[in-house]
């Protein structure tokens with residue numbers, strides 16, 4: 001009779017390695033999903049999002065995602081396996097082991113790249129820190145960024161500015177009243193003009209999708225802009241993209257970037273403390289790039305002429321002590337779930353269609369309140385941000401934090417979760433001065449048109465009482 005540990009191991013391998021068998025046919029109908037979600041490919045098989053209460057409309061994937069049952073099952077099985085045999089799991093297990101070669105190869109397959117382009121991280125912040133603190137910047141090197149970046153980019157750049165004297169050229173986004181109507185060409189030329197201040201910089205550090213406005217910058221166009229400006233490194237914060245955008249599509253293919261950091265716990269609906277760092281140059285090594293969060297620097301310093309100096313940089317970054325291996329196994333399950341539910345392209349189509357419903361609703365009532373782009377499809381994302389407004393006097397718009405927070409709080413009382421977020425105005429300085437606040441709606445994989453209708457009804461009632 002097999003031992004309990006052996007039985008658990010076989011069960012875990014069945015779930016983590018063959019999750020697709022449980023996904024054929026779509027998400028279970030009901031709860032947060034309706035028939036229109038099934039038609040767009042966001043529903044498949046016996047794996048659904050039943051952890052979300054049936055009367056709760058969750059529209060905040062941009063902050064945290066949820067997890068479908070098959071991902072939760074894989075997570076539990078992986079934790080049980082680790083607890084039953086910790087040393088073997090860490091040292092030797094192909095799914096839970098410290099080198100993570102199998103899981104890295106599965107992520108690579110999902111993204112249409114090679115295994116030695118992928119390092120698994122705890123989150124986007126870790127991936128960006130690995131990148132910016134690893135690159136061999138010299139004093140007075142220049143980096144180009146924008147005034148809407150997350151602190152995951154701004155913080156390491158500040159460290160480098162104070163430690164090395166790195167020069168940071170911060171470009172301002174257009175004002176909110178102009179942004180929504182701009183084309184992708186107009187926006188990129190405004191942000192990154194071919195000027196002496198930008199030409200020849202060492203890196204361009206930007207977001208793929210901006211959490212502040214929902215702006216999506218196509219990666220191919222960013223690559224062309226970096227090449228035009230003779231900037232060698234395109235470093236991308238993909239916190240709002242993996243699981244929302246098809247990163248294997250031409251205009252947004254991840255290979256257009258040199259470094260791309262993204263999470264597994266937002267739009268992909270994987271577990272917390274999971275992420276991916278893509279490095280385009282699999283042969284990168286010191287002194288161009290140092291593995292600062294790693295236990296493997298000696299692979300590059302102590303080998304002389306030995307062939308081991310070809311040790312992949314992502315392998316060096318991967319081996320860094322005990323990491324969230326059970327979470328990585330569950331993140332792979334989330335990717336398998338996405339593939340079986342129609343694939344990244346179909347999921348993106350569903351998410352953007354729901355986001356368009358939100359935008360059209362707001363534009364029909366108060367066109368001047370919508371900050372997110374709505375004219376050029378290339379700039380669209382699953383995030384919609386808007387200024388609260390007086391429903392009965394739509395020209396009366398509120399851009400303060402108190403108003404946005406109030407709308408979020410009132411919607412939550414109706415079991416609808418969105419969030420408030422601030423962003424820097426054009427030319428705004430650091431600190432609170434020059435900031436505006438908006439309400440942000442994230443339409444996720446598991447949402448439906450029925451969810452959007454509930455949101456629209458609730459928002460109208462709330463905005464009739466604002467002020």
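Coordinate-derived values only; no laboratory data. Nothing here was measured: the structure is a model prediction, and the numbers come from that model. Methodologically, a virtual Cβ is constructed for each residue, glycine included, from the backbone with ideal geometry; neighbour enumeration extends over all protein chains shown.
Per-structure values
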| read-out | value |
| --- | --- |
| Helical contribution to [θ] at 222 nm, DSSP H n ≥ 4, -39,500 (n - 2.57), averaged over the chain, rounded to 500 | -11000 deg cm²/dmol |
| Antiparallel bridges, percent of DSSP beta bridges restricted to the chain (to nearest 5) | 55 percent |
| Centre separation in Å (Cα based) which lies between segment 292-368 and segment 216-252 | 14 Å |
| Per residue, the convex hull volume that the Cα atoms of segment 101-338 enclose (Å³) | 125 Å³ |
| Surface/4 estimate of mean projected area, convex hull on alpha-carbon atoms of the chain, nm² | 23.1 nm² |
| Chain lengthening between residue 281 and residue 190 when straightened (0.36 nm per residue, less Cα-Cα) | 29.8 nm |
| DSSP bridge pairs, segment 101-338: antiparallel proportion in percent, nearest 5 | 40 percent |
| Per-peptide average of other Cβ atoms within 10 Å, ordering 351-358, 362-369, 77-84 highest first | 351-358, 77-84, 362-369 |
| Potential lengthening between residue 319 and residue 393 on full extension [0.36 nm per residue; Cα-Cα distance subtracted] | 20.8 nm |
| Label point distance in nm, residue 84-residue 345, each placed 7 Å from Cα along Cα→Cβ | 4.0 nm |
